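Chemist: After the structure tokens below, expect a handful of questions from me.
The values are calculated or read from the model by the stated rules, or taken from the named source; none is laboratory data. Remember, it's a predicted structure, so these values are computed and weren't measured experimentally. Glycine also receives a Cβ, built like all others from the backbone with ideal geometry; neighbour counts cover every protein chain displayed.
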Amino acid sequence: MSWRAAPPPADDEEAIRENLESWDALAHLHAQGSGAEFYRIEQWLAGESKLAPWEIEEMGSVEGKTLLHMQCHIGTDTLSWAREGAQVTGLDFSSNAISEAQRFANILGIDDSRFIVSRVSDAIEVLEGERFDILYTGRGALCWLPDLDEWARVCATLTKQGGVLYLEESTPMLNALDVEEESDGSRLVLKYDLFNEGPVSETGEGSYASEEADIERTTHCWEFRYGTIMNALIENGFRIDLLNERDELFFDPWPELFEPSQPNYWRLKKGHVAFPLSFTLKASRL
Ligand SMILES: C[S@@+](CC[C@H](N)C(=O)[O-])C[C@H]1O[C@@H](n2cnc3c(N)ncnc32)[C@H](O)[C@@H]1O
């Protein structure tokens with residue numbers, strides 16, 4: 001994948017519109033095209049979970065609980081929680097992603113699942129005051145949001161008192177890096193400023209799930225730090241219960257440096273100095 005700097009958007013609205021175009025272009029590719037291998041659609045339809053073992057363990061039993069998955073994409077994670085016993089609602093601003101999620105729910109016969117098209121910022125209104133036992137999100141979700149304080153307020157409003165928010169994300173440290181080719185091999189270098197206020201705007205081809213996909217798209221992503229996530233959650237009525245970092249990641253950012261560690265996860269090849277690649281966070285709604 002070759003990505004280059006793109007002109008900055010006029011405002012957040014333009015950034016979100018262009019991001020939506022990009023995600024709409026990826027949904028079918030990930031569910032039914034060349035990205036389906038990365039998403040392990042065949043194995044998943046046959047019964048494999050998309051959830052990491054630590055997610056199931058840290059979340060605790062979801063049996064009979066209502067779960068809202070914000071930024072659910074094509075519903076593979078959402079429906080994996082349904083298989084664990086949760087009554088799931090998936091929400092995403094991409095109507096193409098939501099129609100793929102609904103198609104999967106029909107194939108699997110998970111009739112009490114529900115998928116809704118909405119921006120995160122409109123979710124309170126669209127869900128008309130409904131509140132959930134569990135708010136699940138992440139794995140490449142937070143970087144698409146310009147305002148994590150607004151996100152935390154939305155999450156707090158949608159989570160019942162005593163309910164939990166749970167997410168997995170790539171670490172800020174990983175998000176600051178890019179790879180450079182040197183004569184003696186590939187090297188990770190600091191490229192993205194974690195204190196940057198506006199989005200990082202880039203144009204490129206393909207997707208994290210399919211390098212060869214013939215799709216050119218422009219994306220606008222915002223950096224986050226542990227402080228911006230945790231302070232937003234604390235200020236909006238959550239107590240942080242755990243934060244665990246891991247040397248495994250839910251996508252393969254640089255195939256020359258990473259190797260599979262288990263289904264749906266990758267880690268740095270032997271010989272590289274390990275550092276935290278992903279983290280999970282669990283918070284209680286006070
Ligand atoms: C990488 S996916 C994360 C979901 C899941 N981990 C997966 O890979 O299937 C990011 C999702 O965020 C959605 N998204 C991005 N910005 C959004 C916004 N402002 N409101 C709602 N959904 C948004 C995209 O449509 C996409 O489906």
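Chemist: Yes or no: the stretch 184-195 includes at least one residue that is in contact with a Phe, Trp or Tyr (Cβ under 9 Å, 6 or more places away or on another chain), of a type outside the set (G, A, S), surrounded by 13 or more Cβ atoms within 10 Å (Cβ to Cβ) and more than 24 Å from S22 (Cβ to Cβ). Steps first, answer last, please.
Modeler: So in the stretch 184-195, the residues in contact with a Phe, Trp or Tyr (Cβ under 9 Å, 6 or more places away or on another chain) come out as 186, 188, 194.
If we keep only those that are of a type outside the set (G, A, S) as well, we get 188, 194.
If we keep only those that are surrounded by 13 or more Cβ atoms within 10 Å (Cβ to Cβ) as well, we get 188, 194.
Filter once more, keeping what is more than 24 Å from S22 (Cβ to Cβ): 188.
Within the stretch 184-195, one or more residues are in contact with a Phe, Trp or Tyr (Cβ under 9 Å, 6 or more places away or on another chain), of a type outside the set (G, A, S), surrounded by 13 or more Cβ atoms within 10 Å (Cβ to Cβ) and more than 24 Å from S22 (Cβ to Cβ).
Chemist: Exactly one condition in (1) farther than 30 Å from L29 by Cβ; (2) free of Cβ contacts under 8 Å to residues at least 40 places away in the same chain; (3) of a type in the set (V, I, T); (4) away from the ligand (no atom under 16 Å from the Cβ) is false for V189; which is it?
Modeler: Of everything listed in (1) farther than 30 Å from L29 by Cβ; (2) free of Cβ contacts under 8 Å to residues at least 40 places away in the same chain; (3) of a type in the set (V, I, T); (4) away from the ligand (no atom under 16 Å from the Cβ), V189 misses just condition (1).
Chemist: Counting only residues that are part of a loop (DSSP other than H, G, I, E, B) and hydrophobic (A, V, I, L, M, F, W, C), which one in the stretch 25-46 is farthest from D122 (Cα to Cα)?
Modeler: Per the stated criteria, the residue is A46.
Chemist: Can you tell me which residue within the stretch 146-182, out of those that are surrounded by 21 or more Cβ atoms within 10 Å (Cβ to Cβ) and among the charged types (D, E, K, R), is nearest to F195 (Cα to Cα)?
Modeler: Checking each candidate, the answer is E169.
Chemist: Of everything in the stretch 1-13, what is surrounded by fewer than 13 Cβ atoms within 10 Å (Cβ to Cβ) and more than 25 Å from S99 (Cβ to Cβ)? Give them in sequence order.
Modeler: S2, R4, A5, P7, A10, D11
Chemist: Right, another one. Counting only residues that are out of contact with any helix residue (DSSP H, G or I) (no Cβ under 6 Å at 6 or more places or on another chain) and more than 10 Å from the ligand (Cβ to nearest atom), which one in the stretch 119-130 is farthest from V88 (Cα to Cα)?
Modeler: E125
Chemist: Just to be sure I understand, how many residues within the stretch 233-286 are touching a strand residue (DSSP E or B) at 6+ places or on another chain (Cβ under 9 Å) and in a helix (DSSP H, G or I)? Show your work before the answer.
Modeler: Looking only at the stretch 233-286, we keep the residues that are touching a strand residue (DSSP E or B) at 6+ places or on another chain (Cβ under 9 Å), and these are 233-234, 237-261, 265-270, 272, 274-286.
Remaining after also requiring in a helix (DSSP H, G or I): 233-234.
Residues that pass the stated criteria total 2.
Chemist: A further question follows. So which residues in the stretch 24-45 are touching a strand residue (DSSP E or B) at 6+ places or on another chain (Cβ under 8 Å) and surrounded by 19 or more Cβ atoms within 10 Å (Cβ to Cβ), if there are any at all?
Modeler: L26, L29, H30, G35
Chemist: Among the numbered criteria (1) out of contact with any Gly (no Cβ under 6 Å at 6 or more places or on another chain); (2) crowded, with 21+ Cβ neighbours inside 10 Å, which one does G140 miss?
Modeler: Against the list (1) out of contact with any Gly (no Cβ under 6 Å at 6 or more places or on another chain); (2) crowded, with 21+ Cβ neighbours inside 10 Å, G140 comes up short only on (2).
Chemist: Within the bounds of the stretch 157-166, is there any residue that is part of a loop (DSSP other than H, G, I, E, B) and either touching a strand residue (DSSP E or B) at 6+ places or on another chain (Cβ under 6 Å) or within 13 Å of the ligand (Cβ to nearest atom) (or both)? If you could, list the steps in order and put the result at the bottom.
Modeler: Initial filter on the stretch 157-166 (part of a loop (DSSP other than H, G, I, E, B)): none.
No - not one qualifying residue is present in the stretch 157-166.
Chemist: Shifting gears a bit: Between a first residue in the stretch 104-131 that is in a loop (DSSP other than H, G, I, E, B) and a second residue that is among the basic types (K, R), which pairs have beta carbons less than 8 Å apart while being 6 or more apart in sequence or on different chains?
Modeler: Listed pairs, sorted by first residue: I110/R83; R131/K160.
Yes/no per residue for (1) polar (S, T, N, Q); (2) in a strand (DSSP E or B); (3) at pLDDT below 95:
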{"residue": "N19", "(1), (2), (3)": "yes, no, no"}
{"residue": "W23", "(1), (2), (3)": "no, no, no"}
{"residue": "E48", "(1), (2), (3)": "no, no, no"}
{"residue": "L51", "(1), (2), (3)": "no, no, no"}
{"residue": "E55", "(1), (2), (3)": "no, no, no"}
{"residue": "E58", "(1), (2), (3)": "no, no, no"}
{"residue": "H69", "(1), (2), (3)": "no, yes, no"}
{"residue": "C72", "(1), (2), (3)": "no, no, no"}
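Chemist: Name every residue in the stretch 62-80 that is more than 23 Å from Q161 (Cβ to Cβ) and more than 7 Å from the ligand (Cβ to nearest atom), in order of residue number. Give the steps one after another, and end with the answer.
Modeler: Taking the stretch 62-80 first, the residues more than 23 Å from Q161 (Cβ to Cβ) are 71-80.
Once the filter is applied, which keeps residues that are more than 23 Å from Q161 (Cβ to Cβ) and more than 7 Å from the ligand (Cβ to nearest atom), the stretch 62-80 yields G75, T78, L79, S80.
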